[in-house]
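Right, one structure below, let's go through it.
What follows draws every value from the coordinates through simple rules; no lab data is involved. As the structure is a computational prediction, the values presented were derived from the model and not from experiment. So basically every Cβ, Gly included, is an ideal-geometry build from the backbone, and we count neighbours across all protein chains shown.
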Amino acid sequence: VFCLMLQEIGDDAVLGTSAVKSQIGVSQPYVNFRVTTAAQFSDVVDRRFDMKLLMLVTECAGATEVGTLFLRQEARGGGMGALISLSRYMLIAAARERFGARIVSELRGCIDEKGRSPFWDGLGRHFFRMDFHEADKLSASLGNQFLWDLLPKHPIHIDLLPDAAIEVIGKTHVDGGGARRLLESQGFEFGGLVDVFDGGPLLSVKRDRLKCLRESRVMTVAAGDPGEGAKRAMISNDRIADFRCALGRVSIDGDSASVPADVADALNIESGDKARVWVTE
């Protein structure tokens, strides 16, 4: 697991975090429900129905997961959230062979004002005899094996669930809209996998289709004033060890990039070193 921390240049206070799990579902199952459709037809009564089903699956074994995104209230706005989120892809770009061919991210599902999950109350609690928070804590401390052990392996007809549970399947929490848009801007898509706890969507993208990986370039750095016409960019030292990434303005000339001196210093790079640059405007 690679854990990233967000700081202002010249200030040691931690303003946010994010993480990259290089490989999931190997030592323990990574469990989701897949939303699928079964067509049913009867000649006798001349009726045809497409029935939505939930199937328990472990399709993400070996994938890389990005998550653990958190930002302190005072740091929200001004591009800080985008920096801590997008820096994960700059990390992956620094050593892409160390990460899975598929990148996934879970988005928080719908939770009510009392902290209850309509999806869990309508489905999961019947198989575990525990509330949402107890099961969630067990998953965080023990892993997912108990989920695979106790959840049903047979198809579950969605129409048999309470309406409140059905309505939130694949839906993102009201506070997660910004995070979802950032993921989708990188090429992530919803492919029918949902979380077994709250029914929230799991988005995924092929690693090499990530926008950051396709558009970023490794360039030679010139530390100094980028001058007029500089563009907003993500800049990293492109090293998996002592990885650092910053948001700043750069001026590009061929394979060279002029980077502000304070940014270069924060990245532990000097003129003549290589850096990964991704122009974002």
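What list of ³J(HN,Hα) couplings, whole Hz, do you get for segment 264-271 from phi and the Karplus terms 6.51, -1.76, 1.60, once you set θ to phi - 60° and write x for glycine and proline?
Calculated HN-Hα couplings, in order: 4, 5, 5, 8, 6, 10, 10, 4 Hz.
Considering only DSSP beta bridges whose two residues both sit in segment 166-273, what percent are antiparallel, to the nearest 5? Show your work: numbers first, answer last.
Working: 12 of 16 bridges.
Rounded to the nearest five, the antiparallel share is 75 percent.
Using the Karplus curve 6.51 cos²θ - 1.76 cosθ + 1.60 with θ = phi - 60°, work out ³J(HN,Hα) for each residue of segment 119-135 in order, rounded to whole Hz, and write x for Gly and Pro.
The phi angles translate into 5, 5, 5, x, 9, x, 4, 5, 9, 10, 6, 8, 7, 4, 5, 5, 5 Hz.
In percent, what relative contact order does the chain have, based on Cα pairs under 8 Å that are 6 or more apart in sequence?
Working: 581 pairs, mean separation 51.9, N = 281.
Relative CO of the chain lands at 18 percent.
Compute the FRET efficiency between I156 and V218 as 1/(1 + (r/R0)^6), taking r as their Cβ-Cβ distance and R0 = 41 Å, and round to the nearest 0.05.
Details: r = 48 Å, r/R0 = 1.17.
E(calc), rounded to 0.05, equals 0.30.
I need the GluC sites (Glu not before Pro) found in segment 97-202, filtered to DSSP loop residues with at most 11 other beta carbons within 10 Å of theirs. Please report the intermediate quantities before stating the final value.
Values: sites: E97, E106, E113, E134, E167, E184, E189; in loops: E113.
Hits after loop and neighbour filter: E113.
Roughly speaking, what is the stretch gain from D43 to Q7, that is 0.36 nm per residue apart minus the C-alpha to C-alpha distance, in nm to one decimal?
Stretched fully, the D43-Q7 segment lengthens by 6.4 nm.
How big is segment 216-279 along each principal axis, measuring the range of its Cα positions in Å and listing the largest first?
Computed over the Cα atoms, the extents are 33, 21, 20 Å.
Would you please calculate the Kirkwood hydrodynamic radius of segment 2-209 over all C-alpha pairs and express it in Å, rounded to one decimal?
Values: mean 1/r = 0.0539 Å⁻¹.
Result for segment 2-209 stands at 18.6 Å.
What net charge is computed for the residues neighbouring G62, neighbours being all others with C-beta under 14 Å from the C-beta of G62, Lys and Arg scored +1, Asp and Glu -1? Can you show the working numbers first?
Values: positive: K21, R98, R102, K206, R207; negative: E59, E65, E97.
With Lys, Arg at +1 and Asp, Glu at -1, the net is +2.
Provide the per-residue ³J(HN,Hα) series for segment 251-259, in order, calculated from phi with Karplus coefficients 6.51, -1.76, 1.60 and θ = phi - 60°, each as a whole number of Hz, with x at glycine and proline positions.
10, 10, 9, x, 9, 10, 9, 7, 10
Let me have the 222 nm mean residue ellipticity of the chain computed from DSSP H runs of 4+ only, each contributing -39500 (n - 2.57), with the sum over all residues rounded to the nearest 500. Show your work: numbers first, answer last.
Details: 8 runs with 61 residues, N = 281.
Rounded to the nearest 500, the figure is -5500 deg cm²/dmol.
Could you tell me which residue out of A63, V259, M219 lies farthest along the dipole of the chain toward its positive end? Charges go on the beta carbon: Lys and Arg +1, Asp and Glu -1, centred on the Cα centre.
Checked the options; the winner is A63.
Using unit Cβ charges (K, R positive; D, E negative) and no other charged atoms, how large, in debye to the nearest 20, is the dipole of the chain about its Cα centre?
Details: 34 positive and 39 negative charges, 130 e Å.
Computed about the Cα centre, the dipole is about 620 debye.
Mind checking segment 234-266 for trypsin sites (Lys or Arg not before Pro) that DSSP puts in a loop (not H, G, I, E or B) and that have at most 13 other Cβ atoms within 10 Å? Spell out each step's value before the answer.
Details: sites: R239, R244, R249; in loops: R239, R244.
The qualifying sites: there are none.
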